[in-house]
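Inspection log for the structure reproduced underneath, given as structure tokens.
The values are calculated or read from the model by the stated rules, or taken from the named source; none is laboratory data. What you are looking at is a predicted structure, and each value in this text was computed from that prediction instead of being measured. Quick reminder, even Gly has a Cβ in these numbers, built from the backbone with ideal geometry, and neighbours come from all protein chains shown. SASA here: full protein model, heavy atoms, side chains in, ligands and nucleic acids out. Shrake-Rupley method; radii C 1.70, N 1.55, O 1.52, S 1.80 Å.
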Amino acid sequence: MTVVVAADPGTFTFDLASTALVIIDMQRDFVEPGGFGETLGNDVSQLRTVIEPLREVLAAARTVGMTIIHTREGHRPDLSDCPLAKLNRGNPTLRIGDPGPKGRILIRGEYGHDIIDELAPLAGETVIDKPGKGSFHGTDFGERLTAAGITSLIVTGVTTEVCVHTTVREANDRGYECLVLSDCVGSYFPEFQRAGLAMIAAQGGIFGWVAPSSAFLVALTPALTPPYATATSVTTGNPPCLRAPQPLDPPPNR
């Protein structure tokens with residue numbers, strides 16, 4: 001089924017079967033008080049505004065049977081995949097790997113590293129553990145997209161100017177068409193949010209398209225009713241993801 005979304009700089013057209021909803025780093029360490037984001041001096045309430053519109057988008061995507069991919073930024077317990085340039089950056093009260101209120105900061109397997117309850121993955125939804133800001137670096141994200149026949153991405157998550165932007169730029173270089181949902185991505189800094197979204201759609205969509213979630217949901221409405229809908233109901237209070245453990249080692253360099 002073809003879907004057409006009113007977007008900036010122009011309409012964004014995608015096929016449901018070849019499009020994935022990507023939810024970037026909606027983790028406790030970034031979004032909740034006491035996590036890594038707050039240790040950097042940030043106001044996490046700025047990111048929490050993303051949760052409700054993203055829950056609606058996620059529910060709709062599940063109903064129509066879209067491919068759904070979640071990402072989590074974090075590192076191995078021995079920090080062997082965390083370069084010093086990242087570990088020593090800035091002046092946080094707690095650094096990556098330090099014990100915090102939600103476990104060791106940004107360490108895989110810790111409570112704070114996991115995705116918030118409101119957006120928890122369901123069984124069968126892919127979770128990509130990434131060591132960097134972009135979703136392609138050091139992961140099998142690209143290989144999974146190729147295997148699933150994905151050519152377009154609906155991009156959401158945090159933060160707009162860091163992990164969202166890096167992923168969209170990586171995807172653009174690899175030939176993927178990206179639509180960023182403006183109220184489903186967030187920044188600790190309102191000025192970065194505005195600039196980040198403007199840069200994506202600038203110059204005729206140099207990196208992709210931008211639209212509010214309401215435009216996406218309106219465009220998806222025909223697919224939310226039979227014969228297109230693939231689920232009869234959607235719950236918003238999702239259980240933790242029930243999935244096989246993912247390997248910590250990144251794929252070999254190509």
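Remarks
- In region 73-80 there is no residue that is in a loop (DSSP other than H, G, I, E, B), under 28 Å from residue 198 (Cβ atoms) and among the basic types (Lys, Arg).
- Within region 111-135, residues that are closer than 15 Å to residue 73 by Cβ reach partners that are among the aromatic types (Phe, Trp, Tyr) with beta carbons closer than 8 Å, at six or more positions or on different chains, in the pairs 112/36; 128/141; 130/141; 135/141.
- Residue count, region 14-35 (criterion: in contact with a helix residue (DSSP H, G or I) (Cβ under 6 Å, 6 or more places away or on another chain) and open to solvent by 30 Å² or more (accessible area, probe 1.4 Å)): 0
- Top-ranked residue of region 143-166 - restricted to ones that are open to solvent by less than 20 Å² (accessible area, probe 1.4 Å) and in a helix (DSSP H, G or I), ranked as nearest to residue 62 (Cα to Cα): 145
- Flag if residue 83 is free of Cβ contacts under 8 Å to residues at least 40 places away in the same chain and more than 20 Å from the chain's Cα centre (by Cα): yes
- Residue 143, sole failed condition from (1) touching a residue at least 60 places away in the same chain (Cβ under 8 Å); (2) touching a Ser or Thr at 6+ places or on another chain (Cβ under 6 Å); (3) farther than 22 Å from residue 5 by Cα; (4) of a type outside the set (Ser, Thr, Tyr): (2)
- Cβ-Cβ under 8 Å pairs, at least 6 apart or on other chains, region 174-203 side among the basic types (Lys, Arg), far side at pLDDT 95 or above: 174/136; 174/142
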